[in-house]
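Colleague: Quick one: this structure, given as structure tokens, is what I'll be asking you about.
The values are calculated or read from the model by the stated rules, or taken from the named source; none is laboratory data. Nothing here was measured: the structure is a model prediction, and the numbers come from that model. For neighbour counting, all protein chains shown are included, and Cβ atoms are generated from backbone atoms with ideal geometry for every residue, glycine included.
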């Protein structure tokens with residue numbers, strides 16, 4: 001688990017990691033975003049379905065249980081299979097919990113692609129990544145060296161880069 005954003009007191013408040021970090025963050029009372037369909041903390045495990053596809057309904061794209069959000073998100077090469085209905089609610093959820101004073105862990109199974117990509121997108125949305133996408137990736141990799149996004153996640157974030165700019169600094 002690695003801090004990627006500091007709070008007003010200079011201590012990390014937003015963290016990125018992998019499945020191994022979930023239990024530690026849970027014990028510490030963090031809000032936890034799991035950016036994975038499968039795995040021990042993923043969407044399938046949280047909703048307890050055994051079919052290949054998630055059940056249709058309110059929890060199809062994501063589900064929230066207390067201070068946890070799980071995303072129906074696979075690490076695929078085609079960005080067309082990464083729905084905005086998954087990513088943008090996740091960014092809003094992170095923002096809500098940080099504003100409430102929670103520490104937040106964003107993680108996926110291995111901590112290389114989905115979780116870190118959402119972390120990078122969040123930094124852009126709050127104005128912390130004012131650079132172009134390539135430069136921002138380099139800066140982010142210096143903050144979180146495990147960042148190695150799959151083609152789908154990287155393409156999704158790059159395609160939405162301008163839309164993400166200062167998303168949470170604009171008047172609602």
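For every residue, the table says whether it meets (1) farther than 22 Å from residue 18 by Cβ; (2) modelled with pLDDT of 95 or more; (3) buried (at least 19 other Cβ atoms within 10 Å of the Cβ); (4) in contact with a strand residue (DSSP E or B) (Cβ under 9 Å, 6 or more places away or on another chain).
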residue	(1), (2), (3), (4)
90	no, yes, yes, yes
135	yes, yes, no, no
161	yes, yes, no, no
170	yes, no, no, no
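Colleague: Scan the stretch 143-172 and report the pairs whose first residue is touching a residue at least 40 places away in the same chain (Cβ under 8 Å) and on the phi > 0 side of the Ramachandran plot and whose second residue is crowded, with 17+ Cβ neighbours inside 10 Å and not in a loop (DSSP other than H, G, I, E, B), with Cβ atoms within less than 8 Å and a gap of 6+ or a chain change.
Modeller: So the pair list comes out as 166/125.
Colleague: Now, a different point. In this structure, is residue 4 in contact with a helix residue (DSSP H, G or I) (Cβ under 9 Å, 6 or more places away or on another chain), surrounded by 13 or more Cβ atoms within 10 Å (Cβ to Cβ), within 24 Å of residue 136 (Cβ to Cβ) and at pLDDT 95 or above?
Modeller: Yes; evaluated as a whole, the condition is true for this residue.
Colleague: Just to be sure before I move on: is residue 102 in contact with a helix residue (DSSP H, G or I) (Cβ under 6 Å, 6 or more places away or on another chain) and surrounded by fewer than 21 Cβ atoms within 10 Å (Cβ to Cβ) in the structure I sent?
Modeller: no
Colleague: Could you list, in sequence order, the residues of the stretch 47-66 that are assigned to a loop (DSSP other than H, G, I, E, B) and crowded, with 17+ Cβ neighbours inside 10 Å?
Modeller: 54, 59, 61
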